[in-house]
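> Below: one structure in structure tokens.
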Amino acid sequence: MARAPKVPPDDDVAGSPIRTLAELAKAEAECTRCPLYKDATQAVPGEGRTSARLMLVGEKPGDKEDLAGKPFVGPAGAMLDRALDDADIPRDTVFVTNAVKHFKFEQRGKRRLHKRPNAYEIDRCKWWLDHERTIVRPAAIVALGASAARSLFGRAVTITKLRAQEQRLADGTPAFVTIHPSYLLRIQDKDDKAHEYRQFVADLRSAAKWLGQQAA
Ligand code: URA
């Protein structure tokens, strides 16, 4: 297997020799930028076409994603797929990725319990997300939850404050902020769950509608 290209030691993505998603996946597989690589099975690169106009950014791979090497293939992925379907956004038209590429967990007996990545891990991993953004050049990005928003905006943000309005990232890329689909999995009350789900679908629809207006 060809070796991954050497990346510059600083965070200068513009000066990086990585040009394709395949090169990026190879480089991510060798990542030691934060300690999460030590316990994870593998890095999970983003997935989708380089021509995708919409990029969805999640938090980090979960247990299933860590084993499969693909983003959003577990329970949160099933919820995302359902919402994308209800929002009339075919999943294969979007680029799906995460703010952090390695699974973070705590071992409890045989179970691996998800842990939230911290600001340091998110900021160290931004290097890879920036590469994905440079290669795919999406017309708009949707941040799914607080970790994705932290990575994209470079600071902690309150989802409810930014939700439902078009935002701009530092480089001018239009961005939309919504909840993470795993939040829906944790809501116990049936009515609350249904309400939050509808809101989530509406957020995804808004992003797609905005894209449609740009293309018109
Ligand atoms: N949660 C995420 O944020 N990303 C995944 O890929 C799966 C679950």
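> Looking only at the chain, where both bridge partners belong to it, what percent of the DSSP beta bridges are antiparallel (to the nearest 5)? Please list the in-between numbers first.
Numbers: 7 of 20 bridges.
Of all bridge pairs located within the chain, approximately 35 percent are antiparallel.
> Related question: In terms of Cα to Cα distance under 25 Å, which lysines are near enough to Lys126, apart from those fewer than 8 places away along the same chain?
Cα-Cα hits under 25 Å: Lys6, Lys26, Lys38, Lys60, Lys64, Lys70, Lys101, Lys104, Lys115, Lys161.
> Now for a different question. So what is the calculated 222 nm ellipticity per residue for the chain, using -39500 (n - 2.57) for each DSSP H run with n of 4 or more, over all residues, to the nearest 500 deg cm²/dmol?
Theoretical 222 nm ellipticity from helices: -12500 deg cm²/dmol.
> Hey, another quick one. Which of the trypsin sites (Lys or Arg not before Pro) found in segment 23-97 are in a DSSP loop and have at most 12 neighbouring Cβ atoms, other than their own, within 10 Å?
Sites meeting the loop and neighbour criteria: Arg49.
> Using just the Cα positions, wrap segment 109-216 in a convex hull and report its mean projected area in square nanometres, one decimal place.
8.8
> Give the residue list of trypsin sites (Lys or Arg not before Pro) in segment 142-185 that are DSSP loop and have at most 11 other beta-carbon atoms within 10 angstrom.
Values: sites: Arg150, Arg155, Lys161, Arg163, Arg168; in loops: Arg155, Arg163.
Passing sites in segment 142-185 are Arg155.
> So what is log10(I(q)/I(0)) for the chain at q = 0.10, 0.18 1/Å, when the Debye sum runs over its Cα atoms only?
Per q value, in the given order, log10 I(q)/I(0) is -0.41, -1.39.
> For segment 24-129, what is one quarter of the convex hull surface built on the Cα atoms, given in nm²?
Quarter of the Cα hull surface area: 6.8 nm².
> Here's something else I'd like to know. Give me D for segment 67-159 in µm² s⁻¹, whole number, from Stokes-Einstein with Rh from the Kirkwood sum over alpha-carbon pairs, 37 °C and 0.692 mPa s. Please list the in-between numbers first.
Numbers: Rh = 14.7 Å.
The diffusion coefficient I find is 224 µm²/s.
> Sticking with this structure for a sec: As I understand it, the dipole of segment 20-215 uses +1 on the Cβ of Lys and Arg and -1 on the Cβ of Asp and Glu, about the Cα centre. Which of Ala68, Ala119, Met55 lies farthest toward its positive end?
Farthest along the dipole direction, towards plus: Ala119.
Readers should treat all values here as calculations from the given coordinates under stated rules, not as data from a laboratory. Predicted, not measured: the structure shown is a model, and the values here were computed from it. FYI the Cβ positions are ideal-geometry reconstructions off the backbone, even for glycines, and counts take in every protein chain you see.
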